[in-house]
Amino acid sequence: MFRRKCGSILRVVCFLLLSVLTAGASAHGQTPPPESALGRDLHVDPVRGDDSQDGVTHPVKSIQRAIGLARAGDTIHLSPGRYFESAVFSSKSGEAGRPIVLDGHGAIIDGSDPINPTEWDSLGDGLYRSTQVLPTFNPSIVSRWYFLFDGRMVRMGRSSKGPKDAWKTPADLQPGEWTTVEAEKAFYVRIAPDRELASAGIRIPRRSNAGGFGGRGGHLVIRKIVCTQVYNDGFNVHGHRLACVFEIITAIECGDDGFSAHEDAECRIDGFVSIGNSTGLCDIGESVTHYRNVFIRDCHGFDIYFLGETQHSMENVLVESSAAHALQVSQQSQRPDADPVRVQLKNLHIRRAGDKPAGRAYVSRNAKLTLERCTLQGVDLAAAEDSQIRVVQSVFAGEPLPRLDIRPGAIWLGEYNLYDVASWKHHDRDVTRATFGAFQQETASERNSQWEDVDELPSGVGADRAALQHLRSSP
């Protein structure tokens, strides 16, 4: 959990220290330091800024220059607009009660650049080849890669944590498609034969992350920033980062995760939109994360993915699910003494989008999942041996009807739930609508739960849909 110190005491100490310094300076006829010395406002403007300036008297041009200048208590303000760089906080930290704040005011951090036509050879009929897209042909990066054709993200049915369609041969490419040939360390693209490559509107994700956080430290506040079109994560938190707060952030069309915490980072996220990413969010290792007010849609591999051995929570979450895996909670360590991963989801609504086949939710061994006031529509759920799932006031229904598979050795605890499912296998037993009452009596579980047709989602059980309506607004 966050290691909090008393910020008010620290501010009092700083105020008294400043008073002493001010008095001493006045006694010697010196000009006292301004009040803003306790926390300055630094400004970034990609048009008018100048990185030789201090950001206070005149804006700097780049986010990175402002981060380098920032001290504990400072706030970095971004002018509205699009920034073609990354905001990297490598071991940069605030202090307890005096965080460094990066306020984007809605600014967009864009990880893409136009392709360089001089790096591509024409093979005729709109087909082009390049071995210079990546300085090093790294399979891990290639697994996250995509191209943008006239602003349209094209993954070719592939993502690092999800389905991977077979690579097309260069000859089979249609206009607006791409492929790679690993043996050649080459990329291929095809455009309409009557277009020139220089004016074909093709961009590639040059930068790894839009917001990168690593090393030791923490006490950062990141707010009102849109991250887009990087080849890895929109917001990527590594290292021993404590008390990191993210408010009203958005990740759109990133090659891997919209948000991802690693190692033992500790993050609170309030207000997160994740659209068109490979994974909506993925937190791993010993990281501890707590989310509120989350909207996810159009992701490819996973919508929500927790992989580690600590605890995570989400509250007020709406997922319009089209990813192959709607939800996964997995223990990462193979050590027999590893702590379980523990995830609590409250007021969450996952509904399968359009005519997609059923989504998949999975809870692995040594994993614990709590669902409270949740609705899962069109999502199958499987629980592995030595897992534990607690379900309270929740609904399993939708189209297609879900299938529940609670494997031998898994613990299922439920009460006040509503089920309209295609099948339910509990250990070695098939539970049906006709046998549900006997199952309740014999297992002493599912007290006050019902199995009935659900044509319309009822009130009083499942997610509070009215409370989630505002999350649907796109950025």
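The values are calculated or read from the model by the stated rules, or taken from the named source; none is laboratory data. Model, not experiment: these values are computed from the prediction. Glycine gets a Cβ as well: all are built from the backbone with ideal geometry, and neighbour counts include every protein chain shown. For accessibility, only protein heavy atoms count, side chains too; no ligands or nucleic acids. Shrake-Rupley method; radii C 1.70, N 1.55, O 1.52, S 1.80 Å.
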- prompt: If you go through region 194-201 one residue at a time, do you hit one that is assigned to a strand (DSSP E or B), in contact (Cβ under 8 Å) with a residue 60 or more places away in the chain and surrounded by fewer than 24 Cβ atoms within 10 Å (Cβ to Cβ)?
  reply: no
- request: Answer yes if at least one residue in region 229-236 is out of contact with any Ser or Thr (no Cβ under 9 Å at 6 or more places or on another chain), outside any strand (DSSP E or B) and β-branched (Val, Ile, Thr), and no otherwise.
  value: no
statement: Note on region 283-296: residues of a type in the set (A, V, I, L, M) and buried (at least 24 other Cβ atoms within 10 Å of the Cβ) are VAL294, ILE296
query: What about VAL421, is it surrounded by 14 or more Cβ atoms within 10 Å (Cβ to Cβ), under 32 Å from the mean Cα position of the chain (by Cα) and either closer than 30 Å to ILE249 by Cα or not hydrophobic (A, V, I, L, M, F, W, C) (or both)?
result: no
task: Check whether at least one residue in region 453-465 is charged (D, E, K, R), farther than 15 Å from ARG351 by Cα and open to solvent by 20 Å² or more (accessible area, probe 1.4 Å), and report yes or no.
output: yes
message: If I filter region 297-326 down to residues being aliphatic (A, V, I, L, M) and under 15 Å from PRO163 (Cα atoms), which single residue comes out as surrounded by the fewest Cβ atoms within 10 Å (Cβ to Cβ)?
response: ALA324
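Every residue, every condition in (1) more than 25 Å from the chain's Cα centre (by Cα); (2) farther than 24 Å from SER208 by Cβ; (3) modelled with pLDDT of 50 or more, yes or no:
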position: VAL44; (1), (2), (3): yes, no, yes
position: PRO59; (1), (2), (3): yes, yes, yes
position: GLN64; (1), (2), (3): no, no, yes
position: ASP74; (1), (2), (3): yes, yes, yes
- line: Of the residues in region 49-78, those that are in a loop (DSSP other than H, G, I, E, B), in contact (Cβ under 8 Å) with a residue 24 or more places away in the chain and open to solvent by 30 Å² or more (accessible area, probe 1.4 Å) come to ARG71
- prompt: Within region 347-365, how many residues turn out to be closer than 16 Å to TYR305 by Cα, free of Cβ contacts under 8 Å to residues at least 40 places away in the same chain and either surrounded by fewer than 19 Cβ atoms within 10 Å (Cβ to Cβ) or not aliphatic (A, V, I, L, M) (or both)?
  reply: 4
task: All but one of (1) at pLDDT 95 or above; (2) open to solvent by 10 Å² or more (accessible area, probe 1.4 Å) hold for ASP339, so report the exception by its number.
output: (1)
query: Given the conditions (1) in contact with a helix residue (DSSP H, G or I) (Cβ under 8 Å, 6 or more places away or on another chain); (2) open to solvent by 40 Å² or more (accessible area, probe 1.4 Å); (3) hydrophobic (A, V, I, L, M, F, W, C); (4) at pLDDT 95 or above, and given that VAL142 satisfies all but one, which numbered condition is not satisfied?
result: (2)
task: Within region 265-288, work out how many residues are over 19 Å from LYS224 (Cα atoms) and either of a type outside the set (D, E, K, R) or in contact (Cβ under 8 Å) with a residue 40 or more places away in the chain (or both).
output: 9
message: I'd like to check which strands (runs of 3 or more DSSP E) are fully inside region 87-172 and have at least 3 residues that are more than 30 Å from SER321 (Cα to Cα) and within 25 Å of the chain's Cα centre (by Cα).
response: 87-90, 100-110
- prompt: Got a number for residues in region 96-136 being within 26 Å of ALA251 (Cβ to Cβ) and open to solvent by less than 30 Å² (accessible area, probe 1.4 Å)?
  reply: 13
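Residue-by-condition table, conditions (1) touching a residue at least 24 places away in the same chain (Cβ under 8 Å); (2) farther than 23 Å from ARG360 by Cβ; (3) not small (Gly, Ala, Ser):
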| position | (1), (2), (3) |
| --- | --- |
| PRO408 | no, no, yes |
| TRP412 | yes, no, yes |
| PHE439 | no, yes, yes |
| ALA444 | no, yes, no |
| TRP451 | yes, no, yes |
| ASP455 | no, yes, yes |
| PRO458 | yes, yes, yes |
| GLY462 | yes, no, no |
| ALA467 | yes, yes, no |
statement: When region 96-140 is checked residue by residue, the ones that are aromatic (Phe, Trp, Tyr) and more than 18 Å from SER208 (Cα to Cα) are TRP120, TYR128
